[in-house]
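*Asks:* This is the structure I want to talk about, given as structure tokens.
The values are calculated or read from the model by the stated rules, or taken from the named source; none is laboratory data. Fair warning: this is a prediction, and the values are worked out from it, not measured in the lab. No Cβ is skipped: glycine too gets one built from the backbone with ideal geometry, and neighbour counts run over all protein chains shown.
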Amino acid sequence: MGDAHAHASGLLDDPSGPDQALPSDALSAVLRAVSLTGTCFFVVEATGPWWAEVPSAAAIGSCILPGAQQLVSYHVVTEGRCWAGLEHGASLWAEAGDIVVIPHGDCYALANAPGVVGEQPVEDSKTFFRQLTAGLLPPTIRYGDSGSPDLRVLCGFLGCDLLPFNPLLGLLPRLARVPATSGPGSRRLACLVELALSESRERQAGSDVVLLRISELLFVEVIRRHVEALPPDETSWLAGLRDPVVSRALALLHGEPARAWSLHVLAREAAVSRSVLAERFTRLVGQAPIQYLTRWRMQLASRGLLEGRTVASVGLDVGYESEAAFSRAFKNVVGTSPAAWRRRRHAS
């Protein structure tokens, strides 16, 4: 079928049809490549006025998850009502069942009410997280009287890679509230929260590992809910996951990143015309398909470089036949050569 006819109809075939299963899952591929890793996980129970300030990830990241490029924190309100606010920015209220996410490592505070927020020395926070990750604190941190708590919050932290290219993290707002008690996926979230609370209370053998995995699963569910809640006119990589044409193209690129893709080949396998694919992909993702592929290849290459493999072998694995071609592409995207980037990362 000719390209002009395909453009007129929009799609050669319906990419959402049952016989057109995606060859890969773009969101899963990104989450794997950015090395999502759960770390400390605990419960806060408060009775009466309560507040807590969490310094920026730059200040406390080494105490929670050394080596992580980015620290993501989230808090599930299981009872009561909680206020959350960035040090210099947005604030919001979260009800029981809501999840508060701070994905960019900002300094923030949690409280029963904004008026009770004070100031906490950074060194005190560092000491708290060092003791928590070392297992020297109980899994449930209690504040106030010993009576029934007014507020119960499940707190988790995740580490992930940010550079050279993380198409997911940069698109999340600095402070977000995800309602967990309604809409698609609410049952899954409720089960994960209940399992986390149960593991925190009972502390059976292997609970630490279970809780860390739950923290990762909760974050994935948060991302899913965020995608589902995006407005229809949203343009972003996340919005592209909802579009049948763009999601198919993303799945193809993530499924075989080393393949010698061209716009023509990608459009043919995505079952659309080149013009439809180029327009829709660029409008939603913000860059052309092959430009996106190049940046994604650099993200994959960064893992191989940090593992100590040769520049030539890493380049070959992500689709470059020569070390020189790979080095040029890497420098164009990252701003420095692969070897220099690796030295700088190891030094930091």
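*Asks:* Identify all residues within the range 302-329 that are of a type outside the set (S, T, N, Q) and touching a residue at least 60 places away in the same chain (Cβ under 8 Å); write none if there are none.
*Replies:* Of everything in the range 302-329, those that are of a type outside the set (S, T, N, Q) and touching a residue at least 60 places away in the same chain (Cβ under 8 Å) turn out to be Arg303, Val318, Gly319.
*Asks:* Give the range 199-218 a look and list any residue that's free of Cβ contacts under 8 Å to residues at least 24 places away in the same chain and exposed (fewer than 13 other Cβ atoms within 10 Å of the Cβ), or say none.
*Replies:* The answer is Glu202, Gln204, Ala205, Gly206, Val209.
*Asks:* Something else about it: Do you know which residues across the range 160-185 are at pLDDT 75 or above and in contact with a Pro (Cβ under 7 Å, 6 or more places away or on another chain)?
*Replies:* Scanning the range 160-185 gives a single hit, Leu172.
*Asks:* Can you pull out every residue in the range 110-136 that is of a type in the set (Lys, Arg) and surrounded by fewer than 16 Cβ atoms within 10 Å (Cβ to Cβ)?
*Replies:* Of everything in the range 110-136, just one residue is of a type in the set (Lys, Arg) and surrounded by fewer than 16 Cβ atoms within 10 Å (Cβ to Cβ), namely Arg130.
*Asks:* Can you work out which of the residues in the range 304-319 that are of a type outside the set (A, V, I, L, M, F, W, C) and under 21 Å from Leu253 (Cβ atoms) is surrounded by the most Cβ atoms within 10 Å (Cβ to Cβ)?
*Replies:* Gly315
*Asks:* Right, here's the next one. With the requirement that a residue be touching a residue at least 60 places away in the same chain (Cβ under 8 Å) and either more than 13 Å from Ala176 (Cβ to Cβ) or crowded, with 22+ Cβ neighbours inside 10 Å (or both), what does the range 97-109 give you?
*Replies:* Gly97, Ile99, Val100, Val101, Ile102, Pro103, Tyr108
*Asks:* Ok, one more. How about the range 70-96: which of its residues are surrounded by 19 or more Cβ atoms within 10 Å (Cβ to Cβ) and touching an Asp or Glu at 6+ places or on another chain (Cβ under 6 Å)?
*Replies:* Result: Val77, single match.
*Asks:* What pairs can you find where one residue is in the range 133-144 and assigned by TED's automatic domain parsing to the domain that holds Phe41, the other is in a loop (DSSP other than H, G, I, E, B) and surrounded by 16 or more Cβ atoms within 10 Å (Cβ to Cβ), and their Cβ atoms are less than 6 Å apart, with a gap of 6+ or different chains?
*Replies:* Taking only residues 6 or more apart or on different chains, the pairs are Tyr143/Trp50; Gly144/Thr47.
*Asks:* Here is a check on your reading of the model: is Leu252 under 19 Å from the mean Cα position of the chain (by Cα) and either in a helix (DSSP H, G or I) or among the aliphatic types (A, V, I, L, M) (or both)?
*Replies:* Working: under 19 Å from the mean Cα position of the chain (by Cα): no; either in a helix (DSSP H, G or I) or among the aliphatic types (A, V, I, L, M) (or both): yes.
No; evaluated as a whole, the condition is false for this residue.
*Asks:* Do we find a residue being crowded, with 17+ Cβ neighbours inside 10 Å, touching a helix residue (DSSP H, G or I) at 6+ places or on another chain (Cβ under 6 Å) and modelled with pLDDT under 80 anywhere in the range 151-159?
*Replies:* No.
*Asks:* A further question follows. Given the criterion touching a helix residue (DSSP H, G or I) at 6+ places or on another chain (Cβ under 7 Å) and either among the aliphatic types (A, V, I, L, M) or in a helix (DSSP H, G or I) (or both), identify the matching residue among Ala301, Ala340.
*Replies:* Result: Ala301 is the single residue among Ala301, Ala340 that is touching a helix residue (DSSP H, G or I) at 6+ places or on another chain (Cβ under 7 Å) and either among the aliphatic types (A, V, I, L, M) or in a helix (DSSP H, G or I) (or both).
*Asks:* Then there's this: Is it the case that the range 192-215 has a residue that's of a type in the set (Val, Ile, Thr), closer than 17 Å to Ala26 by Cα and part of a helix (DSSP H, G or I)?
*Replies:* no
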